[in-house]
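Report on the following structure.
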Amino acid sequence: MVLAASLFRPEMSPLSIRKLAEADLAALLALYRELHPGDAPLPEAAQVADVWRTILADPRQHCLGGFLDERLVCSCTLVIIPNLTRGGRPYALIENVVTTAAHRGRGYGRAILAHACNIAWQHDCYKVMLQTGRKDDATLAFYESAGFDRTTKQAFYAAAPT
């Protein structure tokens with residue numbers, strides 16, 4: 001996989017990417033409302049805070065945020081999974097990729113995906129996988145422009161029973 005990170009020049013952008021911190025939860029949840037506007041309501045605030053602290057404490061989870069000044073404008077989550085195939089090399093999953101609507105088309109999404117993949121490569125992952133439920137050509141073209149290939153493997157999905 002050749003990521004299109006070279007298309008994004010961080011030295012020419014005001015975007016700053018870092019792991020999110022406990023204080024970033026409210027901004028992240030606002031961003032997630034753009035990702036899934038019809039999502040089910042979250043449980044009570046104390047339970048949400050507990051989940052957030054669990055995510056932050058897990059060294060295999062990297063919840064990344066892209067900031068313009070102090071404003072969170074994009075995010076994704078990278079999870080590194082230990083593995084007993086491929087010479088014992090781990091693999092990684094990327095989930096919850098979102099850029100606020102007002103900041104799309106500026107390369108920030110590609111930048112945060114490139115950053116996530118670089119973390120995976122630093123952890124010796126042999127692959128990074130990303131799935132999307134979106135079917136629109138613009139979204140699929142975005143992921144391809146960021147270096148992800150939709151023709152190599154077929155993804156399957158099973159939803160929890162309701």
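The values are calculated or read from the model by the stated rules, or taken from the named source; none is laboratory data. No experiment lies behind these values; they were computed from the predicted model shown. Please note: Cβ atoms are built from the backbone with ideal geometry, for glycine as well, and neighbour counts cover all protein chains shown.
Observations on the model:
- Residue 157 vs. criteria within 14 Å of the chain's Cα centre (by Cα) and either modelled with pLDDT under 95 or closer than 25 Å to residue 33 by Cβ (or both): no
- Only one entry in 64, 140, 113, 93 is surrounded by 13 or more Cβ atoms within 10 Å (Cβ to Cβ) and over 12 Å from the mean Cα position of the chain (by Cα), namely 140.
- A single entry from 87, 133, 105 fulfils the requirement of being surrounded by fewer than 16 Cβ atoms within 10 Å (Cβ to Cβ) and assigned to a helix (DSSP H, G or I): 87.
- Single match in 124, 149 (criterion: in a loop (DSSP other than H, G, I, E, B), closer than 19 Å to residue 78 by Cα and free of Cβ contacts under 8 Å to residues at least 60 places away in the same chain): 124
A quick yes/no check of all residues on (1) modelled with pLDDT of 95 or more; (2) more than 23 Å from residue 143 (Cα to Cα); (3) surrounded by 10 or more Cβ atoms within 10 Å (Cβ to Cβ); (4) not β-branched (Val, Ile, Thr):
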position	(1), (2), (3), (4)
25	yes, yes, yes, yes
48	yes, yes, yes, no
56	yes, yes, yes, yes
59	yes, yes, no, yes
72	yes, no, yes, yes
79	yes, no, yes, no
83	yes, yes, yes, yes
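- A search for C-beta distances below 8 Å between a residue of region 19-43 that is of a type in the set (S, T, N, Q) and any residue that is assigned to a helix (DSSP H, G or I) and at pLDDT 95 or above, counting only pairs 6+ apart in sequence or on different chains, returns nothing.
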